[in-house]
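First up is the structure itself, then whatever we jot down about it.
The values are calculated or read from the model by the stated rules, or taken from the named source; none is laboratory data. Note that the structure is a prediction, hence the values are computed from the model and not measured. Note that each Cβ is placed from the backbone with ideal geometry, even for glycine, and that neighbours are counted across all protein chains shown.
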C-alpha cells in the first residue's frame with residue numbers, strides 16, 4: 001500500500017473539522033490535539049509492518065466497531081453541513097451514507113483514491129491561501145491579531161446578526177453581558193438566571209420573531225435546529241472573554257495533563273491500529289506531506305476564523321469555520337466559490353476516507369459487501385443519538401487502540417488475544433463509568449473520556465506477562481502492524 | 001523480529017515531540033504563553049516547529065528502502 005493510501009484512513013473530515021472548530025473556539029486542548037492529529041499517523045507510518053499472527057478475533061471485532069464509529073462521526077459532520085445549508089440533518093446523513101455504500105464498490109476506487117486525497121488536501125489549503133493573499137495577512141499575523149482583541153463581539157456583517165443562524169447541535173450559552181436575542185423559530189427556550197443566591201430556571205414558549213432579554217450571567221439552553229438572532233457589537237456568548245483568553249486559554253492548568261495524555265494516547269494508539277504500514281521508497285514522502293498539508297489547513301481555518309469572525313464557532317457546527325470563513329473574509333462574490341471549493345474538498349476527503357476504511361474493514365473482518373453495508377447502516381443509525389462527534393471519533397480510535405495494540409507486542413496469536421480481551425474489557429468498563437455512576441470522582445473523568453490511556457497499557461501488560469510465562473514472547477519486539 | 005534502530009529512534013523522537021506540546025502548555029508559570037514575534041511559544045511549537053520536524057523525520061525514514 002502507498003503512503004498516500006495509508007494516510008487516507010486517517011484524514012477523516014470529522015478530524016479536520018473538529019480541529020478547525022476547536023482552534024477557532026480557543027479550546028484549551030486545541031494545540032496538542034492539532035499536533036497529535038499529525039504526529040499520530042506519522043508514528044504509524046514509521047512503525048514496521050505487522051506479522052500475520054498479530055491479528056485475532058477480538059482485535060478484528062474492535063476494528064469493525066472502530067470503523068463504524070469513525071464513519072458515524074463523519075456522518076455527523078454531513079448532518080452539520082446539511083443544517084448549515086438549510087436542509088434537514090438526516091438528508092446530509094442519507095447522502096453521505098449512500099456515497100459511502102457505493103463509492104468503495106466502484107471499479108478503480110482504490111486506484112483513484114490516493115491522488116484524489118492529495119488534490120483534496122491542496123483544495124482545502126487553497127481558500128486559505130486566497131484569504132491570506134487577499135487580506136495580506138499571514139497566519140501568524142492573523143493569530144496575533146486574534147490574540148489582541150479586547151473582546152470577542154458580533155460584527156455587523158455576522159449572519160447571526162443580520163438574518164440569524166441555526167444551531168447545529170444543542171447548546172448552553174452563558175452571557176457575559178446583557179443582550180436581546182430574537183427567536184426565529186418557535187419553541188421552548190430555557191433560561192437559568194443566576195442573579196440571586198439560588199439560580200432561577202424559567203422556560204419561555206416563544207413564537208418566531210419574539211425577543212428574550214438576557215442579563216449578564218444568564219444561561220440560555222438552545223435546542224438543535226433553533227434559529228436565533230443576536231445584537232451587533234455584543235459579546236459572543238460562550239466565547240472567550242478576550243483575545244488573550246482565546247490565545248492562552250485560562251483553563252489550561254497542570255490538572256489537564258491526564259486528559260491531554262489520554263487524548264494523545266488515543267490518537268497514537270488508534271493510528272497504530274488503523275493506519276496500515278506503507279511501501280517504502282521516495283514516493284512514500286507524499287503521505288507525510290499530505291498529512292502535514294491537511295492538518296496545517298485545519299489549524300489555519302481555525303486561526304483565520306478566530307481572527308476574522310469569532311462568532312463562527314457559536315452554533316457548534318463543525319463546518320461553520322470552513323464554510324463561512326471565505327464569505328465573511330472576502331465577501332459573497334469571491335468567498336462563495338472558495339466555500340464551495342472547501343466543501344468539495346471535504347466531500348472528496350470523505351470519499352477517500354471511506355474507500356480506505358472499507359479496505360481496513362476487509363483486512364480485519366473479511367471483504368463481504370454485507371459487512372460494509374452493515375457498518376455504514378449502523379453508523380447512519382448512530383447519528384440519530386445526540387452524541388458529540390469528537391466523542392464518537394475518540395471512542396472509535398480508542399477501542400481500536402485498546403484491542404489492536406496489545407496484539408502488536410504479543411509473541412503469538414493466543415497471547416495477543418488475551419491482551420486484546422483485557423484491553424477491550426478495561427476500555428468498555430471505563431467508557432461506561434459515567435453511565436453507571438454519574439457521580440464518579442472528577443479524577444476519573446479523564447479516564448472515562450479517554451479509556452485507551454489505561455486500557456492499552458493494561459492490555460500490553462497482560463500480553464507481555466503471558467508471553468513471559470509461556471516463553472513465547474520476544475522482549476525486543478514491538479509495534480508490528482499490517 | 002526487532003524494530004530496526006532507525007525506525008525505533010524516529011518513533012521515540014516523534015513521541016517526544018508530541019509529549020512536548022502538553023508539557024509546554026501546562027507547565028507551571030506557563031512558558032508556552034511567552035510571545036515570540038506576536039505568537040505564543042506554544043503555537044510556534046505545535047503549529048510550525050514540531051510539525052515540520054516530525055514530517056522531515058518521517059520522510060527520512062520512509063524514503064530509505066534498507067530497513
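I need the full set of residues from the range A:1-45 which are assigned to a loop (DSSP other than H, G, I, E, B) and under 26 Å from residue A:359 (Cα atoms), in order please.
Those that are assigned to a loop (DSSP other than H, G, I, E, B) and under 26 Å from residue A:359 (Cα atoms): A:1, A:2, A:11, A:12.
Can you find, within the range A:444-471, the residue that is modelled with the lowest pLDDT among those that are assigned to a loop (DSSP other than H, G, I, E, B) and either away from chain B (no Cβ under 14 Å) or closer than 12 Å to residue A:407 by Cβ (or both)? Break it down stepwise before answering.
Let us first name the residues in the range A:444-471 that are assigned to a loop (DSSP other than H, G, I, E, B), namely A:450-451, A:471.
Applying the additional criterion that residues be either away from chain B (no Cβ under 14 Å) or closer than 12 Å to residue A:407 by Cβ (or both) yields A:451, A:471.
Values: A:451: 95, A:471: 67.
Ranking the qualifying residues of the range A:444-471, first place goes to A:471.
State all residues of the range A:367-384 that are part of a helix (DSSP H, G or I) and free of Cβ contacts under 8 Å to residues at least 60 places away in the same chain; if no residue qualifies, say none.
Hits for the range A:367-384 are A:370, A:374, A:381.
Does residue A:72 satisfy being farther than 27 Å from residue A:279 by Cα, at pLDDT 90 or above and within 18 Å of the chain's Cα centre (by Cα)?
For residue A:72, the condition - farther than 27 Å from residue A:279 by Cα, at pLDDT 90 or above and within 18 Å of the chain's Cα centre (by Cα) - is met.
Please find, among A:320, A:306, the residue that is buried (at least 24 other Cβ atoms within 10 Å of the Cβ), within 14 Å of chain B (Cβ to nearest Cβ), more than 17 Å from residue A:5 (Cβ to Cβ) and at pLDDT below 95. Give the steps one after another, and end with the answer.
On the way: A:320 fails: within 14 Å of chain B (Cβ to nearest Cβ).
Of A:320, A:306, the one residue that is buried (at least 24 other Cβ atoms within 10 Å of the Cβ), within 14 Å of chain B (Cβ to nearest Cβ), more than 17 Å from residue A:5 (Cβ to Cβ) and at pLDDT below 95 is A:306.
How about the range B:40-51: which of its residues are crowded, with 17+ Cβ neighbours inside 10 Å and either more than 7 Å from chain A (Cβ to nearest Cβ) or within 17 Å of residue A:142 (Cα to Cα) (or both)?
B:40, B:41, B:42, B:43, B:44, B:45, B:46, B:47
Given the options A:46, A:58, A:103, name the one that is modelled with pLDDT under 95 and more than 22 Å from residue A:1 (Cβ to Cβ). Let's see the steps before the verdict.
Values: A:46 fails: more than 22 Å from residue A:1 (Cβ to Cβ); A:103 fails: more than 22 Å from residue A:1 (Cβ to Cβ).
Exactly one of A:46, A:58, A:103 is modelled with pLDDT under 95 and more than 22 Å from residue A:1 (Cβ to Cβ), namely A:58.
If only one of A:277, A:284, A:265 is touching a strand residue (DSSP E or B) at 6+ places or on another chain (Cβ under 8 Å) and in contact (Cβ under 8 Å) with a residue 24 or more places away in the chain, which one is it?
On the way: A:284 fails: touching a strand residue (DSSP E or B) at 6+ places or on another chain (Cβ under 8 Å); A:265 fails: touching a strand residue (DSSP E or B) at 6+ places or on another chain (Cβ under 8 Å).
Only one candidate passes the filter, namely A:277.
Pick out the one residue from B:37, B:54, B:12, B:60 that is surrounded by 15 or more Cβ atoms within 10 Å (Cβ to Cβ) and either more than 8 Å from the chain's Cα centre (by Cα) or within 8 Å of another protein chain (Cβ to nearest Cβ) (or both).
Of B:37, B:54, B:12, B:60, the one residue that is surrounded by 15 or more Cβ atoms within 10 Å (Cβ to Cβ) and either more than 8 Å from the chain's Cα centre (by Cα) or within 8 Å of another protein chain (Cβ to nearest Cβ) (or both) is B:54.
So, in the range B:15-34, how many residues would count as being touching a strand residue (DSSP E or B) at 6+ places or on another chain (Cβ under 9 Å), more than 7 Å from chain A (Cβ to nearest Cβ) and assigned to a helix (DSSP H, G or I)?
1
Does residue A:61 satisfy the condition of being surrounded by fewer than 17 Cβ atoms within 10 Å (Cβ to Cβ) and not in a helix (DSSP H, G or I)?
Here the answer is no, as residue A:61 does not meet what is asked.
State the number of residues belonging to the range A:291-303 that are buried (at least 24 other Cβ atoms within 10 Å of the Cβ) and closer than 18 Å to residue A:43 by Cα.
3
Restricting to the range A:167-185, name every residue that is surrounded by 15 or more Cβ atoms within 10 Å (Cβ to Cβ), farther than 18 Å from residue A:211 by Cβ and either under 27 Å from the mean Cα position of the chain (by Cα) or at pLDDT 90 or above (or both).
Of all residues in the range A:167-185, those surrounded by 15 or more Cβ atoms within 10 Å (Cβ to Cβ) come to A:167-169, A:171, A:173-176, A:179, A:181-185.
Retained after the next criterion (residues that are farther than 18 Å from residue A:211 by Cβ): A:168-169, A:171, A:174, A:176.
Once the filter is applied, which keeps residues that are surrounded by 15 or more Cβ atoms within 10 Å (Cβ to Cβ), farther than 18 Å from residue A:211 by Cβ and either under 27 Å from the mean Cα position of the chain (by Cα) or at pLDDT 90 or above (or both), the range A:167-185 yields A:168, A:169, A:171, A:174.
Only residues that are more than 10 Å from every other protein chain (Cβ to nearest Cβ) and within 30 Å of residue A:144 (Cβ to Cβ): list them for the range A:251-284, please.
A:251
Given the residues A:250, A:288, which is the only one that is more than 16 Å from the chain's Cα centre (by Cα) and in a loop (DSSP other than H, G, I, E, B)?
Step by step, each of A:250, A:288 is checked, and only A:250 is more than 16 Å from the chain's Cα centre (by Cα) and in a loop (DSSP other than H, G, I, E, B).
Test of understanding: among A:387, A:430, A:349, which residue is in contact (Cβ under 8 Å) with a residue 60 or more places away in the chain and part of a helix (DSSP H, G or I)?
Numbers: A:387 fails: part of a helix (DSSP H, G or I); A:430 fails: in contact (Cβ under 8 Å) with a residue 60 or more places away in the chain.
Exactly one residue qualifies, and that residue is A:349.
Counting only residues that are over 11 Å from residue A:399 (Cα atoms) and surrounded by fewer than 21 Cβ atoms within 10 Å (Cβ to Cβ), how many does the range A:422-437 have?
Total satisfying the criteria: 7.
Going by what's in this entry, would residue A:77 be described as more than 14 Å from every other protein chain (Cβ to nearest Cβ), assigned to a helix (DSSP H, G or I) and over 22 Å from the mean Cα position of the chain (by Cα)?
The answer is no for residue A:77.
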